[in-house]
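The values are calculated or read from the model by the stated rules, or taken from the named source; none is laboratory data. All figures in this text were calculated on a predicted structure; none of them were measured in a lab. Positions of Cβ are backbone-derived with ideal geometry, glycine not excepted, and every protein chain shown enters the neighbour counts.
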Amino acid sequence: MSPDANRFDRRSFLKIGGLAAAAFASPTLLDACSSSTKKSAAASTSATTGASAAGTSSAAAGGASSAASSQPAAVATKTLKVGYVSPQTGSLAAFGEADSFVVTALTNYFKANPIAVGSDHYGVQVSVKDSQSDSKRCGQVANDLILQEGIDLMLVASTPDTVNPVADACEANGVPCISTVAPWQPYFIGRGGKPGSTSFKWTYHFFWGLEDVEAVYLDMWDAVTTNKKAGAIWPNDSDGNAWGDAVNGFGPVVSKRGYSIIDPGHYPDGTQDFSAQIAKFKSGGADVLLGVPIPPDFTTFWKQAVQQGYKPKIATIGKALLFPSSIEALGDTGQNLGSEVWWSPSHPFTSSLTKQSAKDLAAAYTSSTGKQWTQPIGFVHAMFEVASAAVSAAGSTDKAAVASALKSLKLSTVVGPLDWTSGPVPNVTKTPLVGGQWRKSSTGYDLVIVTNKQHPEIPSGGTVEALA
C-alpha cells in the first residue's frame, strides 16, 4: 500500500461526497436550550420521526435510504423519546460541530425505517440540549430532559466533564443512558466506580481507555530519536487529572519504556500564559510533548511555545488536536503535530443502520456541509445504532428492560464491534485506537494515520515524522 493510500483530503471528499449530494437532506442547525425548566422545554430542539413527523425528507442518513427501499416502509405507531446532550458552544464546541448533520440524517433514516420492537414500530423524537461546555449545565439540562420532557433514553457525548454529570443524573433517576467520547477510566472511576467491585445499573459507555492512548503514543514516540524526556501539559479537569494521575496515569506506564515526564503542575482551563510551563520544558530538555488540553488552550500554548523557542521533536496531544478547525488555528505551525485517531474514513467498519461505510459517512458529511470530516461523526452515529439495537433487544421502551438489554448487547457499528459482556469493567466496552499526524495539503491539513500497531485492521496512510 502506498503511503498516501489512506490520506483523505477535502478535495477527495468533495468529489466522493458529491455522489451522495442529490440524495441527502441538508441538516438544519440545532438550537441551544435555556437551562430553566420552561425555557428549556420551549427551546429544546426536537427532531421527530415516524407517523407524527411532517415535512421531513425521506432520504435516509446521507443517501443511505436504499437499505429499506427493497420492501414496503413500515409506519411508526409509537414514539421513542431520546434526549441528547453535547457541547455545541463554548470551549468544547469542536466536539459538537457535526451533531446537526448526524441527528438530522438519522432523523430522516428513522422516519423511513422505524425501529421494530415486537409487533410495534417506533418513530424517534430527539431532543437536543447544548451543554455550553459547562459541566454544571450538563446536569441541569439532563434533569430537564428526564423530569420535564419524560425521555425514554439518554445519549451524551464528548469529554468526562460532559458525560459524567449526565450519566449521574440518569443513574439517579433510573433512565438508561448511552455515552461515548470520554476515556473509560475518567468515566467509570471518575463517577465512583471501582473496577472489580462495583457497577452501574442504568449507564453504559463505549470508548477507548488510557491504556490504549498510552500504547499509541509510545508507538509514535519510539519512531523518533529523542532523549526520552516528555513535557506534559495537564489541565486541572477530569481528563487532565486522569491522564496525569501519579498511580493510574501516563507516568508509571511510560517509565517502563524508559521515558520520564516533566510535569510543571496542573493548570486551570482558560490559562492565557504558559511561559512557566514552556520554560520548564526548555530547561528540562523535553524532546517529547504530550497533554490533553481543551482546543483553545493548546492554540495559546503552541503559539507561545513557537515564540519562545521551544521545539520538541514530537508532540502527541489529546483532545485539542482532534479537529480540522483546531489545527487550522495554528497556521503554518501545525505540520506533523500528532494525536490519537478514534475514527476516520479509513476505518473498515459499517453502520448497522444505514449500511454506510466509514468512508461513505464521512463523504456524506462533506457533501452536506462543505467541511472536512471530523472524528465525532462516527461516534455520534454509533450512539443511535446502540439505542436502536437496545430498544429492539428489550422488546419495549420499558427503561429497566432497555438497561438490561444494554448490559449484554453485542453490535457491529460504524466505529467497530461493541460488546458490553467483555469489559474491561461492567458498563463499558472499548473501541479501537490508532495514531495520526496532521500533514499539509493543497487544501489545508489532513489527518494521516501513521501508526496502527495496536489495530492493524485499520490501514495506515503514512509513517511517523519528527517535527520540523
| query | Got at least one residue in segment 175-186 being among the aliphatic types (A, V, I, L, M), under 19 Å from Leu322 (Cβ atoms) and in a helix (DSSP H, G or I)? | reply | no
| field | Yes/no for Ser86 being out of contact with any Pro (no Cβ under 7 Å at 6 or more places or on another chain), closer than 29 Å to Gly370 by Cα, touching a residue at least 40 places away in the same chain (Cβ under 8 Å) and assigned by TED's automatic domain parsing to the domain that holds Ser408 | value | yes
| query | Restricting the search to segment 134-152, which residues are touching a helix residue (DSSP H, G or I) at 6+ places or on another chain (Cβ under 9 Å), touching a residue at least 60 places away in the same chain (Cβ under 8 Å) and surrounded by fewer than 24 Cβ atoms within 10 Å (Cβ to Cβ)? | reply | Arg137, Gln140, Ile146, Gln148, Glu149, Asp152
| Any hit, segment 256-274, residues being closer than 28 Å to Trp208 by Cα, in a helix (DSSP H, G or I), modelled with pLDDT of 95 or more and of a type in the set (Phe, Trp, Tyr) | no
| task | Taking the residues in segment 115-133 that are in contact with a Leu (Cβ under 9 Å, 6 or more places away or on another chain) and more than 30 Å from Gly90 (Cβ to Cβ) as candidates, determine which candidate is surrounded by the fewest Cβ atoms within 10 Å (Cβ to Cβ). | result | Val117
| query | Looking at Ala401, Ala382, Ala405, Ala362, which is the one that is touching a helix residue (DSSP H, G or I) at 6+ places or on another chain (Cβ under 8 Å), buried (at least 24 other Cβ atoms within 10 Å of the Cβ) and either polar (S, T, N, Q) or not in a loop (DSSP other than H, G, I, E, B) (or both)? | reply | Ala362
| Within segment 209-246, can you find the residues that are in a loop (DSSP other than H, G, I, E, B), over 20 Å from Pro424 (Cβ atoms) and under 22 Å from the mean Cα position of the chain (by Cα)? | Trp234, Asn236, Asp237, Gly244
| query | Within segment 401-412, is there a residue that is touching a residue at least 40 places away in the same chain (Cβ under 8 Å) and either among the acidic types (Asp, Glu) or within 30 Å of Trp438 (Cα to Cα) (or both)? | reply | yes
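Quick grid of which residues meet (1) in a loop (DSSP other than H, G, I, E, B); (2) under 23 Å from Asn241 (Cα atoms); (3) of a type in the set (Lys, Arg); (4) touching a residue at least 24 places away in the same chain (Cβ under 8 Å):
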position	(1), (2), (3), (4)
Leu290	no, yes, no, yes
Val306	no, no, no, yes
Gly309	yes, no, no, yes
Ala320	yes, yes, no, yes
Ser352	yes, no, no, yes
